[in-house]
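What follows is a set of notes on a single structure, which appears directly below.
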Amino acid sequence: VPITLAGEQFYLQYSPYAYFHEHCIMLHEQHKPMEMNKQTLAEIFDFVSQFPHYTCGSNADLPIVGGSILSHDHFQGGAHEFPMMHAAEVSQFSVPGFNQVSGTVLQWPLSVLRLRSHDRAQLLDAAEKIILAWREWTDESVGVIARTADGVAHNTVTPVIRRVDSRGNAGGEIYEAYLALRCNITTDEHPLGVFHPHAEYHHIKKENIGLIEVMGLAILPPRLVPELGAVREHLLAAKADASYDLACALESDDLCRSHAAWAEDVFARRANELTADNAIDILHEEVGVVFSHVLDNAGVFKWDEDGRAAQQRFIDSL
């Protein structure tokens, strides 16, 4: 369906691989790379102005932290409330020069700043100010490097825009902008990305953390279906037979080998709960725990004393 966003021609389609209710994709008519700038924000704002009951967001525009196709400009949206939107408010801040905009730090694994305003133009400009500031922000104490010696940029954001009423229900007159701060720096210890799923969690999730996952909805590899099924069988066998060598069984099974240490830990903690009826549900719960740790990995400002202080330094710099 042709739609015009901030003067640019896009086409809307509903996703053939819908991850949530009314999952839609807006594709630019030109084959051009994704960029995170004021024009991009204006296009997303324009979308939610035309479709106030939809959330709309964009993947980041850099490798590792950009979870989608970076070579073609596009957005994603739909009629779904994501877990991030229910995150608790930790503290408030203002953006100098934008008195109609209120800012909030959200208690979320990733580092997310939420801006709100009835004034779309002010909110757009305030969001741009934060993005431009973040692009150049370096804080080596927490591993954030804006640019390396070769001039390559590493900081960007994953933006999400929606409209709500005074009670937080979708479709109101208040504009909300969620800015997830991202950094795609790599090190020898974390060659795939410092703020990327760490190696200990790759048995569950090795792929990039993109827009949908930033908001709290896990997109997991299909290999997990047979792998978790096999883990389930070994855990139930160990539950039924105290002499069953669980560690050996997991390590010798090609489907389970990568999960062996994790599955043993799950069994040690939850064996008493395991039944044939609930075993897969327990494993799914534990996968959710791993996913929460993956989101922690992706947060540039951790929830420890150093991370809180570092985030406040960035906010103060605005």
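Taking the full set of protein chains and a 1.4 angstrom probe, give the accessible area of residue 21 in square angstrom, rounded to the nearest 10.
Its heavy atoms expose roughly 110 Å² to the probe.
Dipole magnitude of the chain about its Cα centre, charges +1 at Lys/Arg Cβ and -1 at Asp/Glu Cβ only, in debye to the nearest 20?
780 debye
Helix 38-50 sits at what angle to the longest principal axis of the chain, using alpha carbons and giving 0 to 90 degrees rounded to 10?
That helix lies at roughly 90 degrees to the long axis.
Hey, what's the stretch 242-318 come to in accessible area per residue, 1.4 Å probe, Å²?
Computed with neighbouring chains in place, this is 51 Å² per residue.
Kindly provide the chymotrypsin sites (Phe, Trp or Tyr not before Pro) of the stretch 157-259 that DSSP labels as loop, not H, G, I, E or B, and whose Cβ sees at most 15 other Cβ atoms within 10 Å.
Answer in residue order: 244.
Quick one: Cα centre-to-centre distance for the stretch 186-211 and the stretch 213-292, in angstrom?
About 21 Å separates the Cα centre of the stretch 186-211 from the one of the stretch 213-292.
Given a 1.4 Å probe and every protein chain left where it sits, what share in percent of the accessible area of the chain is carbon and sulfur?
With neighbouring chains kept in place, the figure for the chain is 53 percent.
Which loop GluC sites (Glu not before Pro) in the stretch 119-218, with loop taken from DSSP, have no more than 16 other Cβ atoms within 10 angstrom of their Cβ?
136, 173, 189, 207
Need the C-alpha centroid separation for the stretch 114-152 versus the stretch 1-44, integer Å.
22 Å
Mean residue ellipticity at 222 nm from the helices of the chain, using -39,500 (n - 2.57) per DSSP H segment of n ≥ 4 over the full residue count, to the nearest 500 deg cm²/dmol?
-10000 deg cm²/dmol
Using only Cα atoms and rounding to the nearest 10 degrees, what angle (0 to 90) does helix 120-135 make with the longest principal axis of the chain?
60 degrees
Helix 260-270 versus the longest principal axis of the chain: what angle, 0 to 90°, nearest 10, using Cα atoms?
Around 80 degrees separate the two axes.
The values are calculated or read from the model by the stated rules, or taken from the named source; none is laboratory data. This structure is a prediction, so every number in the text was calculated from the model and none was measured. Backbone-built Cβ (ideal geometry, glycine too); neighbour counts: all protein chains shown. Just the protein is used for accessible areas: all its heavy atoms, side chains included, with ligands, DNA and RNA removed. Shrake-Rupley method; radii C 1.70, N 1.55, O 1.52, S 1.80 Å.
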